[in-house]
Amino acid sequence: DVYDQVCSKAVPTMCDAMKTATGTKVSPISVLMECATRFNVSVDAIERLVSLASKYVHREAHDLSPGSIYGVVPALMLLASTDQRVRKAALGFIANIGQDVSGVENDSQILKNLYDLASSDKEPSGVHSCILMDGATSLPKFLSTALQDSGEDTSELRKCLVRQCLFTACAYGEVLKENEEDLSNCWLPFGHAIGGCRAASVVLNAMELAGESTFPLALRWEFAGKEIFDRMADFNGAIRNEQMLSACQTLLDAVVRMPKGVLVYDSSTWNKDVSNVIISTGPSHRGTRKRSYSLGNGDGVSFVDPYPENMLSSILEVISTSSELEGESNQLSVELCEAVVRNVLGSRSWSDGVFNKLPNESR
């Protein structure tokens, strides 16, 4: 068919030619998985894109490139798909990384336990089957199990996964990096990675639901949330279409919940201080109904303590510049400011649980 004769050859050629802002090579896996996680992509197309990405896994592992790791967060998002074929393809992709990076000393090896969990041959706990059958509802459990079984590598695995959410949202996919990741050297401007913004938001939400003991709020903010929040605050460009706007708003929803400071406890870590925890629901800022993930008990809501200073500084920065924001070029920054005022500063629980405990000068 047309795909086999033309597309299967043309797509890899285009991916291989992709460059970052400074002209350095981009991992084709990053490009292919960005396309696979965009809106309205057919199941057939997703399967083909993920299959092509899997073929690059072996090549990049052989070249000692860290490129495979850039496909992990998009693949985790696909595990939450409502289509079983998509979930099966994503599980296969993650498992393939584990097979090809075995013995390779680079960042990809940090996630070995995650790869093993995606492999039906190595995973006896039933999580593989749960993902295959249940999809979105099992993603928090999948992440939690990966961390629980990682032993002394738990801290590095946790940080790596959160950091990859940031890279995916920013379209960072540099193959040959000599120093620390330079997030100014991405292959798409911030906000233009529609698939990356969607994937990062889904995985960050799953991390939140996995519970504070698994992915602490302070860590999620430090290694992903703050950078994304600040980039949204500084955003100065046009929102080109509805898909770009929707993807950015979805990511905004996930990030703005962080400075609210609410701690989410999973059932395995509930104790007498956070008993009778309930999940409330409410309208999103776009009018649709969604889970707020705000947990409360008889004594109120549990908050991160101490409240991170850089969380406070980011809030102060965005509200102090709100009067300067106008026009279409600042649309995302305006939405961020409105969401902070409405969902954080305007929250009674935040006022009681955080604001009253802030230093006088900050208040």
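The values are calculated or read from the model by the stated rules, or taken from the named source; none is laboratory data. These figures come from a predicted structure and were not determined experimentally. Methodologically, a virtual Cβ is constructed for each residue, glycine included, from the backbone with ideal geometry; neighbour enumeration extends over all protein chains shown. To get the accessible areas, we keep the full protein, side chains included, count just its heavy atoms, and leave off ligands, DNA and RNA. Shrake-Rupley method; radii C 1.70, N 1.55, O 1.52, S 1.80 Å.
Summary of values
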item	result
In the range 65-99, residue farthest from K112 (Cα to Cα) [restricted to those that are among the hydroxyl-bearing types (S, T, Y) and in contact with a helix residue (DSSP H, G or I) (Cβ under 7 Å, 6 or more places away or on another chain)]	T82
So K141, is it modelled with pLDDT of 85 or more, farther than 16 Å from S54 by Cα and not in a loop (DSSP other than H, G, I, E, B)	yes
Cβ-Cβ under 6 Å pairs, at least 6 apart or on other chains, the range 99-118 side closer than 13 Å to V72 by Cβ and of a type in the set (G, A, S), far side modelled with pLDDT of 60 or more and assigned to a helix (DSSP H, G or I)	S108/S68; S108/I69; A118/L91; A118/I94; A118/A95
Within the range 1-41, considering residues that are open to solvent by less than 50 Å² (accessible area, probe 1.4 Å) and in contact with a strand residue (DSSP E or B) (Cβ under 7 Å, 6 or more places away or on another chain), the one farthest from R59 (Cα to Cα)	T20
Condition met for L219 (surrounded by fewer than 20 Cβ atoms within 10 Å (Cβ to Cβ) and within 19 Å of V256 (Cα to Cα))	yes
Flag if L64 is at pLDDT below 90, closer than 19 Å to G173 by Cα and surrounded by fewer than 20 Cβ atoms within 10 Å (Cβ to Cβ)	yes
Count of the range 111-138 residues which are modelled with pLDDT of 70 or more and in a helix (DSSP H, G or I)	18
Scope the range 28-58; condition within 18 Å of M18 (Cβ to Cβ) and among the hydrophobic types (A, V, I, L, M, F, W, C); matching residues	I29, V31, L32, M33, C35, A36, L49, V50, L52, A53, V57
